[in-house]
Amino acid sequence: MSEAPPFVDVHTHFVTERYVRAAREAGIGRPDGMPDWPSWSARGALALMDEARIGLSVLSVSSPGTHFGDDAAARALSREVNEFGAGLRRERPDRFGHFAALPLPDVEGALAEAAYALDVLGADGLAVETNARGVYLGDARCAPLWAELDRRGAIVFVHPTSPPGWEALTSGRPRPMMEFLFDTARAAADLVLGGVTVRHPGIRWILTHGGGALPLLAARLELFRTLFPGDGDLDVRAELGGLWYDLAGTPFPDQVPAVERAFGLDRVLYGSDSCWTPAPGVLAQVASIDAAEAPEGSTWRALTTRNARRLFSGG
């Protein structure tokens, strides 16, 4: 195992004091039903990375994103956290990458921030939520953004968030327990069934937590697609297989076999979900991956790192 390469972590988060303050001022004291906001520091992140043998962490802002109801405030907050993330990337390009936040559902603001993040800040990609205040990714209002990111061949990291109507669904439970997994599947189905992935094949989409419930739904989505006219030759399983999937959460014993059976392993990536997953949880997850039965002819570290290098090189 000591010879296996360090992980490339595509799913790791940061928070800033200003970001948390803005969220609290907007009334978000228990984000997505979690007890409180986490703390984060670059020093602490690097220490955890060293202990877990994570070579590179691609930083992003997690749910609930940067839009708390006001477009102008969301644009300003997105720019602020993106400047911060880009600064970390500049200081330690050997250890940190960056997916820039976008102020969706403000599409005009998202277009401007995407251009700034990619052209000026040198971001590795963009981060969006599965829905932005109830607007899902297949919504026609998002079409100009996807057209531009397709033109650029951009990476888009899709992080789950609370679904509309979560109050009736959760009975007070934190939404990451179950709703995040369902909303990831819902967003992916919306992208595929809405034709976004076919129209914009240049975008490299990353879904978290092994696609959530998606591996169990892929065959059902294809079945129902064939029952209704209008989708032409859309191959749902092929489109879903063209997305990328990180292993944040509980990859073994059930998640990875489901992903492998549904979509194969060519686009599986490592994700820690730090800092929302505390350090002991990250270390336990890494230990479970290192102890799991290895893929044929490789290790999970080697496989996911090789896939990540292919993703970031445009493959």
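We did not get these values from a lab; they are worked out from the coordinates using the rules stated. These figures come from a predicted structure and were not determined experimentally. Backbone-built Cβ (ideal geometry, glycine too); neighbour counts: all protein chains shown.
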Largest first and in whole Å, what are the equivalent-ellipsoid semi-axes of the chain based on the Cα gyration tensor, each being the root of 5 times an eigenvalue? 26, 25, 20
The chain: antiparallel DSSP beta bridges as a percent of all, rounded to 5: 10
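Averaging sequence separations of C-alpha pairs under 8 Å and six or more residues apart, then dividing by the length of region 7-312, give the relative contact order as a whole percent.
19 percent.
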Give me D for region 193-275 in µm² s⁻¹, whole number, from Stokes-Einstein with Rh from the Kirkwood sum over alpha-carbon pairs, 10 °C and 1.306 mPa s. 118
Highest to lowest packing among 207-213, 238-244, scored as the average C-beta count within 10 Å: 207-213, 238-244
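Once you list every other residue whose beta carbon is under 15 Å from the beta carbon of residue 51, what net charge do they have if Lys and Arg are +1 and Asp and Glu are -1?
In short, +1.
Using Cα pairs closer than 8 Å and at least 6 residues apart in sequence, work out the relative contact order for region 173-315, in percent.
Answer for region 173-315 is 22 percent.
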Test of the criteria: in region 103-196, which trypsin sites (Lys or Arg not before Pro) are in a DSSP loop and have at most 16 other Cβ atoms within 10 angstrom of their Cβ? 133
Subtracting the Cα-Cα distance of residue 152 and residue 25 from 0.36 nm times their residue separation yields 42.2 nm
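Add -39500 (n - 2.57) for each DSSP H run of 4 or more in the chain, then divide by its residues: what number comes out at 222 nm, to the nearest 500 deg cm²/dmol? It would help to have the intermediate numbers written out before the result.
On the way: 13 runs with 141 residues, N = 315.
Dividing the helical sum by the residues of the chain leaves -13500 deg cm²/dmol.
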In region 127-216, what % of DSSP beta bridges are antiparallel (nearest 5)? 20
Using 0.36 nm per residue of separation minus the Cα-Cα distance, give me the extension gain between residue 73 and residue 302 in nm, one decimal. 78.3 nm
Rounded to whole Hz and in sequence order, give me ³J(HN,Hα) for region 44-50 from the Karplus expression 6.51 cos²θ - 1.76 cosθ + 1.60, θ = phi - 60°, writing x for Gly and Pro. x, 4, 5, 5, 5, 4, 5
